[in-house]
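The values are calculated or read from the model by the stated rules, or taken from the named source; none is laboratory data. All values reported here derive from a predicted model rather than from experimental measurement. All Cβ positions, even for glycine, are placed from backbone atoms using ideal geometry, and neighbour counts span all protein chains on display. In case anyone asks, the SASA skips ligands and DNA or RNA and just uses the protein heavy atoms, side chains included. Shrake-Rupley method; radii C 1.70, N 1.55, O 1.52, S 1.80 Å.
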Amino acid sequence: MSPALQILLAGAGTYAIRVSAIALAGLRRPSPSTEATLRLIAPAVLAAIVADRLFLVDGAPAVQWDWWIAGAVAGVVAHRWRSAGITVLVGMAAVWALGALS
């Protein structure tokens, strides 16, 4: 499965999790601790996808330097702009560009 498709599916799943939690709460405002937890679901899912790709290729341990370099670039972008959207865009662009070079 391509990384782009994995990210789209993770986004859809994350959205479904958030919607289901709101529906279960009866459409009332969730508690602050629940809100904080829901805010962390998307970054956790994305980190799991990226970590899997950093350490494994087709289920076997491997190192893909293009992913490590793109991860470092995304880390710098995240630190500088503190925006998940910009970080994902720049990180994916780096992965695609480095993948095209190799």
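Leaving ligands, DNA and RNA out of it, rank 14, 34 by accessible area with a 1.4 Å probe, largest first.
34, 14
In whole percent, how big is the carbon plus sulfur part of the accessible area of the chain, probe 1.4 Å, protein atoms only?
72
Per residue, how much accessible surface does the chain expose to a 1.4 Å probe? Answer in Å², no decimals.
70
Which residues in the range 82-100 place their backbone N less than 16 Å from a point set 7 Å from the Cα of residue 15 along the Cα-to-Cβ direction?
Those under the cut-off are 85.
Choose one answer from 76, 45, 88: the residue with the largest mean-square fluctuation in a GNM of the chain with alpha-carbon springs under 10 Å.
76
With Rg and Dmax of the Cα atoms in Å defined as stated, name the option among [x] 15.9, 51; [y] 14.2, 42; [z] 13.3, 43 computed from the structure displayed.
[x]
Which Cα, out of 74, 86, 1, lies furthest along the positive dipole direction of the chain (beta carbon charges, K/R +1, D/E -1)?
So the residue furthest toward the plus end is 86.
Take the chain, connect every pair of alpha-carbon atoms lying under 10 Å apart with a spring to form a Gaussian network, then pick out the residue of 18, 28, 82 with the largest mean-square fluctuation.
Highest fluctuation of the listed residues: 28.
Report, in debye and to the nearest 20, how large the dipole of the range 1-98 comes out about its Cα centre when Lys and Arg carry +1 and Asp and Glu carry -1 on their Cβ.
Using only the charged Cβ atoms, the result is roughly 480 debye.
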